[in-house]
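Heads up, the thing below is written out as structure tokens.
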Amino acid sequence: MYDPRFPHAAQGIALAVLAMLCFALLDTISQYVGPMVPVFMAVWLRFLVQAVMTPLLLWRRQGPAMLRTRAPGWQVLRGSLMLCSSAVAYMSLRHVPVAEFTAILMLVPLIITVLAAPLLRERITPMTWWLVAGGLIGALVVIRPRGGQFQGALLLPLGLVMINAVYQIVTSRMVRTEDPGTTHFYTGLTGLVISSLLLPWTWAALADWKLWVLAALIGVFGSLGHYLLIQAYHRAPASRLTPYMYAQVCFATLLGWLAFGYAPDAWSIAGIVLIALCGGLGVRMRHG
């Protein structure tokens, strides 16, 4: 349906889909280099690239205004949450195939709805609780034990869902006063500063220069994806864009097959579909 407030909504949707492709590429590369590049070394390089790319992408449009923030404390909190999210995601991808990992992250909108009750004083309907339960069941099906053994590391994506949900709530609080470009810049800067402090204890020589290139591409696709998403939200409302976020699962499945020759089995596909259905219905209910 056409909304006169957003005459360029179609462009916003296209940009959001491209952002999902960037995030799927980020996760696929992370899974590939994960066994060879230490966690905080990869995270440091990711935030270094973001801290450099953001001014290059935004300075022409915003200039010095990009540096002005009314909420430095919130900026540091958001950057710290992004750092935690990046580290846990990187560790998760060592144990969970990229398609299933991406599907589990689609639980974030449902968890945000649950957290909105105590934090934003929103009412949760019984149907929402059923959708959350269904999504969690789908996630447990996806990360079910294989080969008769269950590894605790398989629960990392569920922890990541909680971190990302808090991150999104903090972001929703900040958009009232902060420019998205400014927020993106300080998120990268915060992550770079903290990860730089940890770098002396995590640095390791890499066996091949190609690993440096691939690790740098994690930062490139992460920064580009967030930039495209910022531009998408300038052109279309969240309620129009959110359903298209599920394109990331399709991209991740395709890239996982191309890069690793891995395709989800029937049970995993069933879990992914259940997560997508519950998440999609939850988004529809919340945004009316």
*For the range 214-285, what D do you get in µm² per second when you plug the Kirkwood radius from alpha-carbon pairs into Stokes-Einstein at 25 °C and 0.890 mPa s?*
172
*Where the only charges are on Cβ atoms (+1 Lys, Arg; -1 Asp, Glu), what is the dipole of the chain about its Cα centre, to the nearest 20 debye?*
660
_Choice from Pro180, Pro157, Pro126 with maximal GNM fluctuation in the chain (Cα, 10 Å cutoff)_ = Pro126
*Averaging sequence separations of C-alpha pairs under 8 Å and six or more residues apart, then dividing by the length of the chain, give the relative contact order as a whole percent.*
46
*Select from Val132, Pro38, Trp212 the residue farthest towards the positive end of the dipole of the chain; place +1 on Cβ of Lys and Arg, -1 on Cβ of Asp and Glu, and compute about the Cα centre.*
Val132
*Expressed as cubic angstrom per residue, what is the convex hull volume of the alpha carbon set of the chain?*
146
*Rank Val175, Val39, Val220 by mean-square fluctuation in a GNM of the chain with C-alpha springs under 10 angstrom and give only the top-ranked residue.*
Val175
*Among Leu229, Leu81, Leu258, which one moves the most in a GNM of the chain with springs linking Cα atoms closer than 10 Å?*
Leu258
_Nearest-0.05 FRET efficiency for Ala65 and Tyr233, computed from C-beta distance (R0 22 Å)_ = 0.75
*Anything in the chain that counts as a DSSP H helix reaching 18 Å or more along its axis (C-alpha) with Kyte-Doolittle mean of at least 1.6? List them, would you?*
9-33, 126-142, 247-260
_What distance in nm lies between label points placed 7 Å from Cα along the C-beta direction at Trp257 and Leu211?_
3.1
*How do the peptides 199-210, 241-252, 15-26 rank, highest first, by the average count of neighbouring beta carbon atoms within 10 Å per residue?*
15-26, 241-252, 199-210
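Since every read-out is calculated from the coordinates, none of them should be taken as a lab result. Note that the structure is a prediction, hence the values are computed from the model and not measured. Note: ideal-geometry Cβ built from the backbone for every residue, glycine included; neighbour counts use all protein chains shown.
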